[in-house]
Amino acid sequence: MKSAIREPFSRRRRFRWWTPAGCGMQWVLLALFLLLTEVLSLAQIDRLKLGARFSEDRSQLTFRVFSSRSTRIELYLYSRPFGANEVAHVPLDKDPSSLVWSLSLPVSRIRGDFGIMGTIYYGYRAWGPNWTFDPTWTKGSKAGFITDVDAEGDRFNPNKLLYDPYARELSHDPVTPQQPDGTDT
């Protein structure tokens with residue numbers, strides 16, 4: 001074992017917490033804070049029960065998605081994963097306290113009224129401050145369009161079908177017989 005001779009404390013160079021050499025503990029605390037924030041965020045997401053979920057008796061299907069900036073969200077239901085138009089689209093309701101948009105549909109309505117017998121494929125279309133909802137809007141139209149990106153960075157575009165960010169499975173494979181390399185040509 002070697003001994004070390006140190007300068008008296010008063011003469012040693014002291015690092016301030018904001019200097020790179022003296023902030024090791026602060027980086028550890030920051031990393032711990034970010035990890036806890038992520039864990040709490042995941043717990044918050046699960047508490048809100050986001051995504052598409054069947055009721056316990058499988059008689060209802062509830063769709064829930066979080067969006068703080070959207071002004072309208074519609075659920076689009078499909079009977080096939082690709083190559084088919086929607087069989088129905090239904091607006092979701094917003095809970096102003098949680099900013100969660102939701103809709104519960106009886107499975108009997110999905111099977112009976114919409115004719116979806118197998119897997120239920122779905123997506124969302126969202127409107128926001130930069131693209132307001134206009135009842136005359138149809139897929140591909142610009143009705144309600146204001147700007148591509150507004151001052152707050154909103155990029156809502158109802159012409160884009162959105163995946164559910166909380167989905168447990170994505171079913172659309174871009175590689176098809178019509179698109180062997182996965183691109184639209």
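All of the numbers you see were taken from the coordinates with simple rules; none came from a lab. Everything numeric in this text was worked out from a predicted model, so none of it was measured. In this analysis, Cβ positions are derived from the backbone assuming ideal geometry, glycine residues included, and neighbour counts consider all displayed protein chains.
Quick notes
- Once the C-beta distance of S97 and Q178 is scaled by a Förster radius of 41 Å, the resulting FRET efficiency is 0.35 to the nearest 0.05.
- A P(r) calculated from all alpha carbon pairs of segment 46-109, with 10 Å bins opening at zero, reads 20, 47, 29, 3 percent.
- At 1.306 mPa s and 10 °C, Stokes D of segment 50-169 from Kirkwood alpha-carbon radius, µm² per second: 105 µm²/s
- Segment 48-154 - charge dipole about Cα centre, Lys and Arg +1 at Cβ, Asp and Glu -1, debye rounded to 20: 360 debye
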